[in-house]
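Peer 1: Before I ask anything, let me first share the structure, which is written out below as structure tokens.
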Amino acid sequence: MYSVKSLNNITFERKLSFLKFYKYILLFLFVTACKNDKKEEILPNPEAKQLKLKYAEGFSVTEYEGYKVLTISKPWPKAKKQYKYLLASSEQLAKMTFSADVYESIITNNLERIVVTSTTNIPSLELLDEEKSLVGFPGTNYISSEKTRALINKGAIRELGKNDGINTEVLLEINPDVVVGFGIDGINKTFETIKRGNIPVIYNGDWVESSALAKAEWIKFFGVLFNKEREADSIFNTIEKNYLEAKTIAKKVKNKPTILSGAMTKDVWHLPNGNSPEAQFLKDANVDYLWRDTSGNASLYLSFETVLDKAKGADIWLSPSYYISLNQLEKANPLYNNFKAFKNQSVYSFSNTTGKTGGVLYYELGTARPDLVLKDIIKICHPELLESYTPYFFKPLE
């Protein structure tokens, strides 16, 4: 029998057809082996148990005896469709009858090989001690973690190209048990090609969540995939505890520095809306964010004049886009030196905290560890509260 690696010289479409045939044969063998066993039909089960979620709203998990149903309800903003996935062992699947039309994919829950497509997923794998299950990633240079980088350097994790153009031939060759991706509208030709190869694709919607703790709670999503629900719950509880303790400490201050955020992109200043996760960090750090009263959880788009008029005297300037120095910031727009925070060199960014290949650590670890982000902001804005703490992501621009 041919292995997947022996298909290198066969055309892509023949690879696709072979993989589909190969997986269907395996499924047939499982069914045949268990043909004398009594089939279990999936029916409403009064013993069903819901996975406990405190903040996340974009997914849910119902656990039955022998199988689980994972539902992704918010894979992207304004999604009109829910995506359901059935997870069970190969042996259990061979004993069950179910309507395949109900589920996007049927997944064996003893995963050994996984592909993820966002750096925000890397910390979840590492925290669950499952980074060795990662076999492919699009844009490996963006990964900053030394632990996962060591696996990349050993060749254990294959480069898959770019997110908007994943190398499907390489992906089919490494043959993962599942691909965890993300989308903005449900139209993704690459994912459709992968699914035609009988490789399940699950949408991860952590980025759609409206709060930092809700995003971090998606570690439980990976806990479900790897049968590590207890470990994921314990890890999240620790992160939540650290976050809430830091928030409580910040309540002690009486003086709140005024905060400016964002920077110009072409002719528009982008900065966090008042209900965004970024603004929530500032609220929990007990600072005076000058646009805290705006509504919405996306970005605000303002003119330079509007921002200058309101924030000229702001004490601190956080996250000035991708700029890595005051000189670069001033070259981009000389008018930035009209701000008090710029004159006083009170500008802080996470852009300079990178891995060995240039990946920005904040874009990888910030989602999984909101407790560190909050502590960074508290340390910058109220340094007397966390005297022994060193900011993890944010550094002053020089």
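The values are calculated or read from the model by the stated rules, or taken from the named source; none is laboratory data. Not measured: the values here are computed from a predicted model. All Cβ positions, even for glycine, are placed from backbone atoms using ideal geometry, and neighbour counts span all protein chains on display. In case anyone asks, the SASA skips ligands and DNA or RNA and just uses the protein heavy atoms, side chains included. Shrake-Rupley method; radii C 1.70, N 1.55, O 1.52, S 1.80 Å.
Peer 1: How much accessible area per residue does the chain have, counting only protein heavy atoms and a probe of 1.4 Å, in square angstrom?
Peer 2: That works out to 51 Å² per residue.
Peer 1: Additional query: Please report the projected area of the chain's Cα convex hull averaged over all directions, in nm².
Peer 2: 22.3
Peer 1: With no solvent and one point per C-alpha, what does the Debye sum give as log10 I(q)/I(0) for the stretch 325-398 at q = 0.11, 0.12, 0.22, 0.26 Å⁻¹?
Peer 2: -0.33, -0.39, -1.02, -1.14
Peer 1: Out of 253, 201, 224, any idea which swings most in a Gaussian network model of the chain, alpha carbons joined below 10 Å?
Peer 2: Per the Cα network of the chain with a 10 Å cutoff, 253 tops the list.
Peer 1: On the principal axes of its Cα set, how long, how wide and how thick is the stretch 59-139? Give whole Å, largest value first.
Peer 2: Ordered largest first, the stretch 59-139 gives principal extents of 39, 35, 19 Å.
Peer 1: I've got another one for you. Roughly how far apart, in whole Å, are the Cα centres of the stretch 313-373 and the stretch 121-185?
Peer 2: 28
Peer 1: Once R0 is set to 30 Å, what does the formula 1/(1 + (r/R0)^6) return for the Cβ-Cβ distance between residue 91 and residue 192, expressed as a FRET efficiency to the nearest 0.05?
Peer 2: After rounding, the FRET efficiency stands at 0.50.
Peer 1: Checking the a/c ratio against 1.5 first, then a/b against b/c, what shape does the Cα gyration tensor give for the stretch 140-290? Please report the intermediate quantities before stating the final value.
Peer 2: Working: a/c = 2.30, a/b = 1.66, b/c = 1.38.
Here the stretch 140-290 falls in the prolate category.
Peer 1: If you project the alpha carbons of the stretch 246-285 onto the principal axes, what extent comes out on each, in Å, largest first?
Peer 2: 40, 19, 13
Peer 1: Leaving ligands, DNA and RNA out of it, work out the accessible area of residue 287 with a 1.4 Å probe and give it in Å² to the nearest 10.
Peer 2: 10
Peer 1: Compute the projected area of the convex hull of the Cα atoms of the stretch 75-225, averaged over all viewing directions, and report it in nm² to one decimal place.
Peer 2: Over all viewing directions, the stretch 75-225 projects a mean Cα-hull area of 9.3 nm².
Peer 1: Report, in debye and to the nearest 20, how large the dipole of the chain comes out about its Cα centre when Lys and Arg carry +1 and Asp and Glu carry -1 on their Cβ.
Peer 2: 260
Peer 1: Helix-only mean residue ellipticity at 222 nm, the chain, DSSP H runs n ≥ 4 weighted -39,500 (n - 2.57), per residue, nearest 500. What is it? Before the final figure, lay out each step's value.
Peer 2: Values: 15 runs with 134 residues, N = 398.
Here the helix-only value at 222 nm equals -9500 deg cm²/dmol.
Peer 1: Ok, one more. May I ask you to give the percent of accessible area on the chain that is carbon plus sulfur, with a probe radius of 1.4 Å?
Peer 2: Ligands and nucleic acids excluded, carbon and sulfur reach 50 percent.
Peer 1: For the chain, set up a Gaussian network in which alpha carbons nearer than 10 Å are linked by springs, and say which option among 352, 110, 333 fluctuates the most.
Peer 2: Among 352, 110, 333, the largest GNM mean-square fluctuation belongs to 333.
Peer 1: Another question, then. Straight distance only, please: which lysines reach the Cα of residue 84 with their own Cα at less than 19 Å, same-chain residues fewer than 8 apart left out?
Peer 2: 49, 52, 68, 74, 195, 220
Peer 1: Right, another one. Subtracting the Cα-Cα distance from 0.36 nm times the residue separation, let me have the gained length for residue 327 to residue 268 in nm, one decimal.
Peer 2: Full-extension gain reported as 19.2 nm.
Peer 1: Further question on the same structure: Would you work out which of 73, 176, 370 lies farthest towards the positive end of the dipole of the chain, given +1 charges on the beta-carbon of Lys and Arg and -1 on that of Asp and Glu, about the Cα centre?
Peer 2: Of 73, 176, 370, it is 176.
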